[in-house]
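Bear in mind these aren't lab numbers, they're just calculated from the coordinates by the rules spelled out. Everything quoted here is computed from the prediction, not taken from an experiment. Note that we place each Cβ from the backbone using ideal geometry, even for glycine, and neighbour counts take in every protein chain shown.
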Amino acid sequence: MRFIDSTLKDNLTRDKMRMVVSVAAVVVLSLLVFISVYTLLDSRVREDRARRNAQADVLLDAVESSQAESSETETVSETQVEETTETTIDMLAPSVASAETEALSETAAEAGEETSEVQVEETAAAVDPNAVEEYYASVYAASDINLRSGPGTDYDIVRVIHRGEGIDVTGRTGSGWYRTYSGNYVLIELTTTEPVATTAAPTSATTAAPTSAATTAGTVPTTPPMTESNTAGSASTDGMTYYGVCHITFYGPQPLGDGSYSTTTATGTSCSEGRTVAADWSIFPAGTVLYLPNDPLGGDGYYTVEDRGSGVTGSHLDLFANGSHTVTDCEVYIVG
């Protein structure tokens, strides 16, 4: 009986241990399964999150790129519109003034009247008469016209430019005036770019000096009188260096903003007709003495480089003169 009890207890003990081991195995297996499932799900969640973040970044980059392109397009469009507007305004302003001027000229021609300076100026009154645009050209007087000290008929008359006389210009205004090399002005409508046939002017005429009243003296010769002092070979060129032929133009007192005129040169001297010449200092340095055998001003032909200008470059000499003269070409020697 005791043997049976002992065996039963041993069996019960083994059964309990097996049960505990089984439960423990089930728990451990369950934990492993749970961990595996959790790890798998977490991995998938992370991958899904990373994929969504990548898609969101791509969409954000696309939106930013689209906005940048749109902004650049708008900027370019605004710039083009502004440039087009400015160009249109610049083109229309002189065109309108020119169209009005041409209409007035046709009306005057039909009535048998010549176009006057006052009529032409009134049609261009909307344009600033003081705005001068750089413009270099040689034109000719289509008829006897007034050379004025400013761009308007209320300015003083410097002298009368006769039909066919050449005029070198350095600028033009929106109201229809040319600025000459001498700093004075002539009406564009009364000039032409083609030479005008004229009769020879009297050689005894002299150049009128600037005055506040209309010039009534004789005509100005289109070519300088040939005298003993300016005839080729009238002075010995021994010891001089022959430079070559230069283009000769003329300038006068330069207008200032207060209505006065300046005769001070770039070297600080005062301009003097028959002595002062403006030149390109890279070719003829300041102080260089030049000899022109055929002096266009009728002097002794000796000039000193005392001035310079933005339009005087290369083989170009600009003689100071108290009046307007016809541009020409002349042989030049360097003295000493």
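Cut-off is 10 Å between beta-carbons; in what order do Ser22, Ser175 appear when sorted fewest neighbours first?
Fewest to most other Cβ atoms nearby, the residues stand as Ser22, Ser175.
Rounded to whole Hz and in sequence order, give me ³J(HN,Hα) for region 137-149 from the Karplus expression 6.51 cos²θ - 1.76 cosθ + 1.60, θ = phi - 60°, writing x for Gly and Pro.
Karplus values, whole Hz, x for Gly and Pro: 6, 10, 10, 10, 6, 6, 7, 5, 10, 8, 8, 10, 7.
Considering only the other residues whose Cβ falls under 12 Å of the Cβ of Gly171, what net charge follows from Lys and Arg at +1 and Asp and Glu at -1?
Once all neighbours under 12 Å are counted, the net charge is -1.
Grab the other residues whose beta carbon is less than 13 angstrom from that of Ala321, score K and R as +1, D and E as -1, and report the net.
-3
Under 5 Å between amide hydrogens, which residues at least 5 positions from Trp177 or on another chain qualify, with H placed 1.01 Å from N in the peptide plane?
Ile188
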